[in-house]
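Here is the structure we will look at.
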Amino acid sequence: MADHYEVLGVAKDATTDEIKKAYRKLARELHPDVNDAPEAQERFKLVTHAYEVLSDNDQRRNYDMGGQGGFGNGFPGGNFGFGDIFDSFFGGGGQRGPRSRAERGQDALLRVELTLQEVVFGVAKSIEIDTAVLCQTCSGSCCRPGTSPKVCEVCRGSGSVQREVRSLLGNIVTSQPCNACKGYGQVIPEPCVDCRGQGRVRARRTLDLNIPAGVEDGLRLQLGGQGEVGFAGGPNGDIYVDIAVKNDEIFGRKGDDLTCTLEVPLHDAVIGRHSQIETFDGPIDVNIEAGVQTGDVLHIKGKGVTHLRGSGRGDLLVTVQVLTPHKLDSKQKELFKQLADLRKSEVVALKRHKTGFFGKDKRH
């Protein structure tokens, strides 16, 4: 790394005024608007950096003690780089050539509600959106049909004008965006009537969404290039789609598994039975084994949510809830009494509460 004092050509005990005087002299010789040689621009950067370090007492003290000099991302003053120094000392002027009239369109954010069934299998939706589209009259040129942009007479197509100003360094030639053409280098003498010279118009269009199976509530999808068209026919922005999943009356979701509760009458829980339940895949037969208990889970493979990444589906987890009857007629009560007499050896007793791994209840 070049020594800052050598770059400016001053002694290490140079005063602030001597450092400033040396910098002014070198800046007049090396400024890009005066000297367009590639090596001159590199030297100008070094000179400017050296001046910024040595003209600040704290930075100069840190440098003299062996520090790098400067506190930011490796360039003057820590908070701004060469472009900022250029603007501060010479009034801008960094622009070279006209800027493009075409600009990228803005992004848009949409919210789409899905049912749980749509999440399981994926869904295609078409929605109407109000956005900016390419002007069909001028095809984004911003000009009335049959006309074209004209070269700006003020800047002669360069997009900038030069002017001479006085500064600490003397007379400096600076470059500023042309006010006549706004820096585009061209003017539009006859703007398109339909889009008023913007190259785009507001319209409603249909957006086709192919939402993959397995998405979750709160997931955001990006549709590249589906947003509004930019000014003067510039590239389209993106559309972001926030997914909102509505609660289902029967099924819940746990990862890629679906969950539900199956209410089983007491007599079926005792003797067992075959039953049929309605799922997103249609009716499915399940086997309720004799002696099933509340909290037991029936696993039905491959009837859950489709995996968002990869192939296959999760499972359907059916939790059993045994229903104890609370309204019995006399005949039913007599039958239960007979059953109780047959099993009177069984007594109600307290048991120590047991837990499984991770503190989950362990039922027996």
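Readers should treat all values here as calculations from the given coordinates under stated rules, not as data from a laboratory. Not measured: the values here are computed from a predicted model. Quick reminder, even Gly has a Cβ in these numbers, built from the backbone with ideal geometry, and neighbours come from all protein chains shown.
Structure notes:
- In region 117-190, the GluC sites (Glu not before Pro) that fall in loop regions by DSSP, at most 13 other Cβ within 10 Å: Glu153
- Gain on full extension, evaluated as 0.36 nm per residue between Thr115 and Lys327 minus their Cα-Cα distance, stands at 72.6 nm.
- A Förster radius of 56 Å, combined with the Cβ-Cβ distance separating Asn35 from Arg205, puts the computed FRET efficiency at roughly 0.55.
- Three-way shape call for region 174-273 based on the alpha-carbon gyration tensor, with the a/c threshold at 1.5: prolate
- Burial ordering of Val305, Val133, fewest other beta-carbon atoms within 10 Å first: Val133, Val305
- Part-to-part distance (alpha-carbon centres) for region 175-251 and region 1-58, which is given in Å: 47 Å
- The alpha carbon gyration tensor of region 112-220 gives principal lengths a ≥ b ≥ c with a/c of 1.5 or higher and a/b no greater than b/c, which makes the shape oblate.
- Cα lying deepest toward the dipole's positive end in region 205-289, options Gly225, Thr259, Ile277, charges on Cβ: Gly225
- Computed extension gain for Glu128 through Glu18, at 0.36 nm per residue and net of the alpha carbon distance, reaches 32.7 nm.
- Residues Leu350, Leu335, Leu317, Leu209, ranked from the fewest to the most other C-beta atoms within 10 Å, line up as Leu350, Leu335, Leu209, Leu317.
- Around the amide H of Cys178, modelled in the peptide plane, lie the amide H atoms of Ser160, Val161, Gly183, all under 5 Å away and 5 or more residues distant in sequence or on another chain.
- For region 252-359, the antiparallel share of DSSP beta bridges with both residues in that region comes to about 65%.
- A Förster radius of 25 Å combined with the Cβ-Cβ distance from Gln338 to Leu266 puts the calculated FRET efficiency at roughly 0.95.
- Under the simplified labelling scheme, the Arg273-Arg220 pair shows an inter-label distance of 5.1 nm, with each label point 7 Å from Cα along Cα→Cβ.
- Footprinting exposure proxy for Thr137, Thr131 (fewest neighbouring C-beta atoms within 10 Å first): Thr137, Thr131
- Take the Cβ atoms of Gln162 and Asp242, set R0 to 56 Å, and the FRET efficiency comes out at 0.70.
- ³J(HN,Hα) computed for each position of region 212-228 - Karplus, 6.51 cos²θ - 1.76 cosθ + 1.60, integer Hz, glycine/proline x: x, 5, x, 5, 10, 4, x, 5, 10, 9, 10, 10, x, x, 9, x, 6
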